[in-house]
Amino acid sequence: MHELGAPVLIDQHCHSVVGAELGEDAFASLLTESDRPLGPGASPWDSALGLAVRRWCAPVLELPQFASVEAYRERRRELGVAEATRRLLRAAGLGACLVDTGLTEAAGVPLLSPEELGGVAHADVHEIVRIERVAELATTPATAAHTWAATVGDALRRAARNAVGLKSVVAYRCGLDFDARRPAPAEVANAAAVHLASGGGRLTHPVLLRHLLWEALELRLPLQLHTGFGDPDLVLHRSDPSLLTGFIRAVEPLGTPLVLLHGWPYHRQAAWLAQAFPHVYCDLGLTLTHVGAGARRVLAETLELAPFHKLLFSTDAYGLPELYLVGSAAFTDALDAWLGEAVPVPAEAARIVALISGENARRLYKLP
């Protein structure tokens, strides 16, 4: 951890973890963003993330760094799911977790509830509501096109009552190069008719997604937006956060904070947007978990432009407690390296560490 003392980390975007033993293939599937079968002899362990798990997590399970995959999996089975999860989550040093509740299982296994996650991690837990899931759950066979907007709006307001923020995966559903303007009621009703005629289900109609974004912004809670890489369901070049520039300008009068998640390979664009617009923030989350030794370079490139009070820490951990520890370790290691080169004054370095590690998130999400 940081030479100036372990920072209090607020993980501003994450998911829960499984509470049951996973088979070898199911476990390995959570070490990659790909959902495709691998070729003969291939394994997700053979990656920067697989190496990071063996580097950072093995010692927590009383194994040497870079222990073999077989030794790691065997030690995990010896300890049992509950004990391994407890050790790994607490080693991550988290003070609070902002949990996206839009996912409820991983590799076909249910995730722990947010409350259970917080108990095991010894961390405060707060909810982030995924707006597309709310709209999908609110839409039933009885929903009419002319009432879709009101039905979904009511559901979103109810879901947000106890949340500290909202999240959109519009990058996956239609890309970030969407029309920035707020759609008129007639447009929404017509789009809802098309959506309902197709059977409802997964929300992909650009007009309805835009309407949902504007509705969410009026709730005045920070809105997280997935940008950059992810699973094969997205088209990478359409997840470039700079494509949101028109939308960012259009919603600026509302003043609702926008948080650009992940970013890679467009993290520099996200950093520029955070510098240019007062209501835009960014994190690196999933990126630092996956890029291995490249985490130092990526964080340094982000800090070329991102103001210190606009960059947030997150892991985007999902399914495996290892991803919490790898995310926090990669972040603190990369920040240490950047500080060692850029900030030779300890007091100033400590101030920047405190901002990025947790104070920015505490201020933005109005956490106690």
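Rule-based calculations on the coordinates, nothing more; no lab input. Keep in mind it's a predicted model, so treat the numbers as computed, not measured. When we count neighbours, we look across all protein chains shown, and the Cβ atoms used for this are built from the backbone with ideal geometry, even at glycine.
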If I take all pairs of Cα atoms in the range 270-368, what percentage of them are more than 18 Å from each other? 46 percent
Whole-Å semi-axes of the range 209-356's equivalent ellipsoid, largest first, each the root of 5 times a Cα gyration tensor eigenvalue? 26, 19, 14
Which whole DSSP H helices in the chain pass both tests: a Cα extent of 27 Å or more along the axis and a mean Kyte-Doolittle value no lower than -1.0? 322-342
Percent breakdown of C-alpha pair distances by 5 Å bin, ordered from the shortest bin, for the range 321-367: 5, 20, 22, 21, 19, 10, 2
Filtered trypsin sites (Lys or Arg not before Pro), the range 218-286: DSSP coil and at most 14 other beta carbons within 10 Å: R220
Low-density loop positions, trypsin sites (Lys or Arg not before Pro), the range 101-168 - DSSP coil, at most 16 other Cβ in 10 Å: R161
For the range 145-236, one quarter of the surface area of the C-alpha convex hull, expressed in nm², comes to 6.3 nm²
P(r) over all Cα-Cα pairs of the range 201-280, 5 Å bins from 0 to the longest distance, whole percent per bin, short to long, reads 3, 15, 24, 26, 20, 11, 2, 0
Translational diffusion coefficient of the chain at 20 °C, 1.002 mPa s, Stokes-Einstein with Kirkwood Rh over Cα pairs, in µm²/s as a whole number. 102 µm²/s
Zone residues, the range 228-250, relative to T204, backbone N less than 14 Å from point 7 Å out along Cα-to-Cβ: 232-235
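Considering all projection directions equally, how large on average is the shadow of the alpha-carbon convex hull of the range 60-178, in square nanometres?
10.8 nm²
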Trypsin sites (Lys or Arg not before Pro) restricted to DSSP loop in the range 290-368 with at most 16 other C-beta within 10 Å: K366
